[in-house]
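What follows is a set of notes on a single structure, which appears directly below.
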């Protein structure tokens, strides 16, 4: 009799523990969803003062006690960014940007097939996904991170205009070691304001976006030069009026 009572008591304790963990998990999920919605909705009108990638780099500098290292970042509004710069990143990173809702499923499918058949891993992220990653997420590859990225991508496409997405993307993207945003990059590499960037300068900057820690605008490798030429060709194919009506 005492054994049965002890077993029932242990069962109740396990049930209460599981129930408590479930309630805490659901509450945490609810708070995350609510806070993320409020955050993305607010950033429709408020310019982000930093990003998760910038915060990570700042923390790395503190951990390694590197006082010489710093973030070079200054926001610049859409109207003060050269149309060449906006067109170059669309031509380079996401030519279907104006037509999708955050995901390019054809590119995702092709990337999966290429990985299966050739063992190669290539990116299929849209500009919206890259904006979500740069602004809100951490580096790495995991299903959890991809899930959070997808959630923020949906929110960004829901609350922001295409122009706002491009504006934020161009301001938080890393163009060099510690150099974030088109303003800092154009001043650092070309001593030129972002409003006056030429097609060639814009294409050079866009060509390093896949990995600015390896590729350099200031000392472009053969690959970067070839890539920038390809981007300029794609810009010509899209046409100067491709983003004229963006809102």
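Please treat every number below as a calculation from the coordinates, not as lab data. This structure is a prediction, so every number in the text was calculated from the model and none was measured. FYI the Cβ positions are ideal-geometry reconstructions off the backbone, even for glycines, and counts take in every protein chain you see.
Within the listed set 183, 215, 223, the residue fluctuating most in the Gaussian network model of the chain (springs between alpha-carbon atoms under 10 angstrom) is 223. For the chain, take the longest principal axis of its alpha carbons; what is the angle in degrees between that and the long axis of helix 52-63, to the nearest 10 within 0 to 90? For helix 52-63, the angle is close to 80 degrees.
Rounded to the nearest 500, the 222 nm mean residue ellipticity of the chain from helices alone is -20000 deg cm²/dmol, with -39,500 (n - 2.57) taken per DSSP H run of at least 4 residues.
By its C-alpha gyration tensor, with a ≥ b ≥ c as the square roots of the eigenvalues, how is the range 12-62 shaped: rounded for a/c under 1.5, else prolate for a/b larger than b/c, else oblate? Cα axes put the range 12-62 in the oblate bin. When 125, 88 are sorted by how many other C-beta atoms sit within 10 angstrom of their C-beta, beginning with the fewest, the order is 125, 88. Helix 143-159 and the longest principal axis of the C-alpha atoms of the chain enclose an angle of approximately 60°. Residue ranges 226-234, 199-207, 37-45 sort as 199-207, 226-234, 37-45 when ordered by packing (mean number of other C-beta atoms within 10 Å per residue, highest first).
Could you point to the label whose value was computed as Cα Rg over 2.2 N^0.38 Å for the structure here, given [x] 1.13; [y] 1.01; [z] 1.26? Given [x] 1.13; [y] 1.01; [z] 1.26, the calculated one carries the label [z]. Rounded to the nearest 10 degrees, the angle from helix 83-93 to the longest Cα principal axis of the chain is 50 degrees. Here the calculated FRET efficiency for residue 99 and residue 150, from their Cβ-Cβ distance with R0 = 25 Å, stands at 0.85, rounded to the nearest 0.05. Using the Cβ-Cβ distance between residue 221 and residue 247 with R0 set to 51 Å, the FRET efficiency works out to roughly 0.85.
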